There are 4 protein chains.
Amino acid sequence: MKCPDRRGIVHEITGFIAGLGGNILELEQFVAQDEDEFFMRLVWSADGFEVPFSKFDLSFQDVQKKLGAAYWIDDSEKKDRMALFVSGELHCMAEVLSQFYLGNLPVDIPLIIGNHENAKELAEKFHIKFIHTPTKEVDIKEVEKTQIDILSRHKINLIGLARYMRILSADFIEKYPDGIINIHHSFLPAFHGANPYKQAYERGVKIIGATAHFVTEQLDQGPIIAQDTREIHHGYSRDLLRRAGQEIEKKVFIRALQKQLQRKIIRYGNKTVVFE
Amino acid sequence: MKCPDRRGIVHEITGFIAGLGGNILELEQFVAQDEDEFFMRLVWSADGFEVPFSKFDLSFQDVQKKLGAAYWIDDSEKKDRMALFVSGELHCMAEVLSQFYLGNLPVDIPLIIGNHENAKELAEKFHIKFIHTPTKEVDIKEVEKTQIDILSRHKINLIGLARYMRILSADFIEKYPDGIINIHHSFLPAFHGANPYKQAYERGVKIIGATAHFVTEQLDQGPIIAQDTREIHHGYSRDLLRRAGQEIEKKVFIRALQKQLQRKIIRYGNKTVVFE
Amino acid sequence: MKCPDRRGIVHEITGFIAGLGGNILELEQFVAQDEDEFFMRLVWSADGFEVPFSKFDLSFQDVQKKLGAAYWIDDSEKKDRMALFVSGELHCMAEVLSQFYLGNLPVDIPLIIGNHENAKELAEKFHIKFIHTPTKEVDIKEVEKTQIDILSRHKINLIGLARYMRILSADFIEKYPDGIINIHHSFLPAFHGANPYKQAYERGVKIIGATAHFVTEQLDQGPIIAQDTREIHHGYSRDLLRRAGQEIEKKVFIRALQKQLQRKIIRYGNKTVVFE
Amino acid sequence: MKCPDRRGIVHEITGFIAGLGGNILELEQFVAQDEDEFFMRLVWSADGFEVPFSKFDLSFQDVQKKLGAAYWIDDSEKKDRMALFVSGELHCMAEVLSQFYLGNLPVDIPLIIGNHENAKELAEKFHIKFIHTPTKEVDIKEVEKTQIDILSRHKINLIGLARYMRILSADFIEKYPDGIINIHHSFLPAFHGANPYKQAYERGVKIIGATAHFVTEQLDQGPIIAQDTREIHHGYSRDLLRRAGQEIEKKVFIRALQKQLQRKIIRYGNKTVVFE
């Protein structure tokens, strides 16, 4: 939840939950001093909580109005249904599948959509449906229509762009307002757009990085979820940059997905609060 | 030295030095594959070397011509004479003075120039002359003329901009073509220009950083020498960003100065080779 | 404060503070799941709080008993009085003095005690009294007695061992049960005891580090407050290790002192909770 | 190669290679100052090199004797044949298979040996033979005999212990004197032996790490190839430590394998030179 900051919010909310028999398991709160905005993430046990999930909104509405709060509530036992979008480079997709296979990503992955065909083999190793939607020499609006249709049939609510090298239209993005996470292969805002490693090579930087962010209409401008960098030096050719960068991309992408799956991200303005 | 890459350069050069009785103490070389350019840093002992320092150019000219090499030679026992330029924030200057006092910076620091007066006390603690050249409500050309005059009288060959918040003119910079090192408080090319921490706060990045670079006419566009970053999170206010960033600035600035003092930097194009 | 974990602690405490007119400014809590222990740090404004500082214990005792809580309360406007202990290597002391001078350490530093004399000059640059207590060829018990006497006269409540190379006796340590912070030049528990960089060199590690910890009777075994590491490689001689390590030592030592000055550390068992 | 340091080694060797028509592609050298030992890695093109691979030893012997050099020569087009050993935790194995699949590990992996059966499925996804050699309630000598037999039949020359939780006998290790690389889940020498994350939790460290090393008879004491760490805090339970650590283990293990496959590691004493 988020709301304007004022005295006693924590007390109010914890009292509300406790009063209905809820046992608080996790509580993280944060006040953005410069904006006077309060953010909180609360996890409580459904055992012994008097209000069924479906009636929570009704039950909470007095407190919500009093605080002027926006809030989101989810059942932590219900898994997100995520689709991966992928192009020719498969390292981020491979990492997601590995982590998924090892049980580190609490999510369902019903399908992978690629505009190249080379991801098919890897997807199928992990028994995930692969759908090839080529984007060359085709009407991109038609492609997106097909994709949205597929996603909708599979009840996808979260999309991970695992180095998908096509720009999505505003219409597409609008359908998943909180739910498209992209991994960009630079430390944004540096080197947005195409070929960030080439740009980095030419600028002669001594660090490279990666950025996971929510996708918005503005290319590479959405709220940043996670970033990381590593040192490089003059000895890194364009190709070495690309390979060294892949390790950061994997790590940052997974971190962002995990935070999203655990509902640890709150968007505000073009920024994010990401609880630990 | 640097020259177009070809077979046998290392053999040629090591043979030249050894043939004149030089004992090679350090050798670092690097080939920029994409540009076919060869770079080498060589340190040898003057003991037993047949050619006096002043005659080296003459002695080396055959090899130099054969390889088409550009090279720079220095006497490692002769110290650079560095001036620091500083404004209101003193953490980079304080770090330089600390490291200098502890014997970690092999340099002479005859003077510190500031456009605020608050650095005077700290400079004088370390027995370094402080000269106040205000930059507000004055003719900046006159200020620069005064500064150049002072620098010249003190035989300064290296300038460290220790968070000096004024832009130097092309004329000024030209006088020190390899010798002005600036510390910028962002991971360039992100957030160049003014108020990088404010920019970083507003963009909601999850890392901050600092960049040491040679100063050129284009603001914050010169060859990068060193960079570093650290993770931050939503909990960092503008002020916390600034403080956290200071630690990186100090570290990156010192690293760049040390590399320059040890002649471990070779510029090429708008980039640098920085040997370890 | 800390207490056994149970339902409703946050609600109870925030209710207690709010009920007395206190405006909570910062709240951090943590539950050690494996030990079922609850930890909280709370900062509230004295403005409008009905209970004067001196009467807080009385006022809080019902809640305290109910929860079985241990707690510590401090006036954030009252500064700690810290003494530094130092031997021959001055980089940690220099960093503390720099940060202190720049206003980044909210503390008073009435004196520095050294068993070498070389710190005197630097201490006096910053107008801090330096006292030389040699530890060679003397009765160490007498030395400690003198030191304790000096510390007591200067009302010191916090001691920072800024690379002080003498072991303190149990009797000495006992007098400052929460108040001696040491910086050890390795990533403990690796390389405890003497000459950690030599040990690291001989073991051929690829990282070095530093550890700030509370001093206890067991040498280098006290609760760890902060640690950091950096990568090194085969090219680091013993001397380069030492120099590279100094930068980490400075950083880790300052971080630990800042946490202590802000009362962000809670000890439990031989461990620490360190709030952000 | 390695040899006692003296003047002119680089010149001598580069002259030898160039004299036989070899074009040097990569040259890295290092002098261990404290031990007066010289190390070099040289890659040259077989094209135009007059000496066939099989006759190199003969051709080089004069130089080798003159310098007192130990050296190792390999055909970079010939791939190592690596076996993975694995127990119940599969993250390191999964990472190797991912990187292998994506073409980042220039190696053949004919088989995976596990003392649990759960790795079978993942191995077979990547069409790698899995052999189950249980180690409970069996004669461990017999198990090792079987394993050695299998390895020998598959012409394995490199073994990667991808979190294999059994100690190998001296006899086994002896058969692969330079060829067993283990990933240990701590920043050695801290927390050697069993349960390093439990040890780390109990000691209350603020960093965790991983170490890749050559296996020798002394458990967790062999020459270190690569290490890395990351910061943690009091909020990491034993289980979170384990998960956070897995990411470092993967990274460090892959790094060590890549260095070994590229012949960038030279062992000396109980240490390693690892070229970049």
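The values are calculated or read from the model by the stated rules, or taken from the named source; none is laboratory data. Predicted model, so just to flag it, every value in this text is computed and none were measured. Note that we place each Cβ from the backbone using ideal geometry, even for glycine, and neighbour counts take in every protein chain shown.
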Next item on the list: Could you please find all residues in segment B:245-276 being assigned to a helix (DSSP H, G or I) and out of contact with any helix residue (DSSP H, G or I) (no Cβ under 9 Å at 6 or more places or on another chain)?
Entry: B:Ile248, B:Val252, B:Arg255, B:Ala256, B:Lys259, B:Gln260, B:Leu261
Next item on the list: Exactly one condition in (1) over 24 Å from B:Gly222 (Cβ atoms); (2) out of contact with any strand residue (DSSP E or B) (no Cβ under 8 Å at 6 or more places or on another chain) is not met by B:Ile167; state its number.
Entry: (1)
Next item on the list: Please work out if C:Arg230 is of a type in the set (D, E, K, R) and without any contact (Cβ under 8 Å) to a residue 12 or more places away in the chain.
Entry: no
Item checked: D:Arg242 vs. criteria surrounded by fewer than 23 Cβ atoms within 10 Å (Cβ to Cβ), more than 8 Å from every other protein chain (Cβ to nearest Cβ), in a strand (DSSP E or B) and modelled with pLDDT of 95 or more -> no
Margin query: Just checking, does segment D:46-53 include any residue being within 22 Å of B:Ile9 (Cα to Cα), within 11 Å of chain B (Cβ to nearest Cβ) and not small (Gly, Ala, Ser)?
Written below: no
Notebook entry, point to check: From the residues in segment B:55-100 that are more than 24 Å from B:Tyr176 (Cβ to Cβ) and loosely packed, with under 13 Cβ neighbours inside 10 Å, which one is nearest to the other protein chains (Cβ to nearest Cβ)?
Noted result: B:Lys66
Notebook entry, point to check: Could you list, in sequence order, the residues of segment D:245-269 that are within 14 Å of chain C (Cβ to nearest Cβ) and over 25 Å from D:Leu42 (Cβ atoms)?
Noted result: D:Ile248, D:Lys251, D:Val252, D:Phe253
Notebook entry, point to check: Considering only residues of segment B:152-164 that are more than 16 Å from B:Ala212 (Cβ to Cβ) and touching a residue at least 40 places away in the same chain (Cβ under 8 Å), which is surrounded by the most Cβ atoms within 10 Å (Cβ to Cβ)?
Noted result: B:Ile156
Checklist line | Single residue of B:Ile181, B:Ile225 found to be closer than 30 Å to A:Gln221 by Cβ, touching a His at 6+ places or on another chain (Cβ under 8 Å), among the aliphatic types (A, V, I, L, M) and part of a strand (DSSP E or B) | finding: B:Ile225
Margin query: Go through (1) facing another protein chain (nearest Cβ under 10 Å); (2) outside any loop (DSSP other than H, G, I, E, B); (3) within 17 Å of B:Thr272 (Cα to Cα); (4) in contact with a helix residue (DSSP H, G or I) (Cβ under 7 Å, 6 or more places away or on another chain) for B:Ala210 and report which single condition fails.
Written below: (1)
Next item on the list: Go through segment B:14-42 and give me each residue that's within 12 Å of chain D (Cβ to nearest Cβ) and farther than 24 Å from B:Gly269 by Cα.
Entry: B:Thr14, B:Gly15, B:Phe16, B:Ile17, B:Ala18, B:Gly19, B:Gly21, B:Gly22, B:Asn23, B:Ile24, B:Leu25, B:Glu26
Next item on the list: Go through (1) more than 14 Å from chain A (Cβ to nearest Cβ); (2) at pLDDT 95 or above one by one and return the number of the condition B:Lys198 breaks.
Entry: (1)
Item checked: Residues satisfying the stated conditions in segment B:195-207, i.e. surrounded by 17 or more Cβ atoms within 10 Å (Cβ to Cβ) and assigned to a loop (DSSP other than H, G, I, E, B) -> B:Gly204, B:Val205, B:Lys206
Note to self: I need a count of the residues in segment A:219-239 that are within 8 Å of chain B (Cβ to nearest Cβ) and over 30 Å from B:Arg267 (Cα atoms).
What the structure shows: 4
Notebook entry, point to check: Hey, among the residues in segment B:1-12 that are in contact (Cβ under 8 Å) with a residue 40 or more places away in the chain and more than 27 Å from the chain's Cα centre (by Cα), which one's farthest from B:Val31 (Cα to Cα)?
Noted result: B:Glu12
Item checked: Filtered residue count, segment B:1-26, keeping only those that are touching a Ser or Thr at 6+ places or on another chain (Cβ under 7 Å), in a strand (DSSP E or B) and surrounded by 13 or more Cβ atoms within 10 Å (Cβ to Cβ) -> 1
Next item on the list: Report whether or not A:Tyr236 is surrounded by fewer than 22 Cβ atoms within 10 Å (Cβ to Cβ) and part of a helix (DSSP H, G or I).
Entry: no
Next item on the list: Go through D:Arg238, D:Arg230, D:Arg242, D:Arg267 for me and flag whichever is within 25 Å of D:Phe172 (Cβ to Cβ) and in contact with an Asp or Glu (Cβ under 9 Å, 6 or more places away or on another chain).
Entry: D:Arg267
Next item on the list: Could you grab me the full set of residues in segment C:116-148 that are assigned to a loop (DSSP other than H, G, I, E, B), under 21 Å from B:Gly103 (Cα atoms) and in contact (Cβ under 8 Å) with a residue 24 or more places away in the chain?
Entry: C:His116, C:Asn118, C:Ala119, C:Phe126
Check: Which number in (1) buried (at least 23 other Cβ atoms within 10 Å of the Cβ); (2) among the hydrophobic types (A, V, I, L, M, F, W, C); (3) more than 26 Å from B:Asp171 (Cβ to Cβ); (4) under 21 Å from the mean Cα position of the chain (by Cα) marks the one condition that B:Ile248 misses?
Finding: (1)
Checklist line | Residues within segment D:176-193 that are surrounded by fewer than 16 Cβ atoms within 10 Å (Cβ to Cβ) and either more than 14 Å from chain C (Cβ to nearest Cβ) or in contact with a helix residue (DSSP H, G or I) (Cβ under 7 Å, 6 or more places away or on another chain) (or both), tallied | finding: 2
Checklist line | Members of segment B:102-125 that are over 19 Å from the mean Cα position of the chain (by Cα) and within 20 Å of C:Ala123 (Cα to Cα) | finding: B:Leu102, B:Ala119, B:Lys120, B:Glu121, B:Leu122, B:Ala123, B:Glu124, B:Lys125
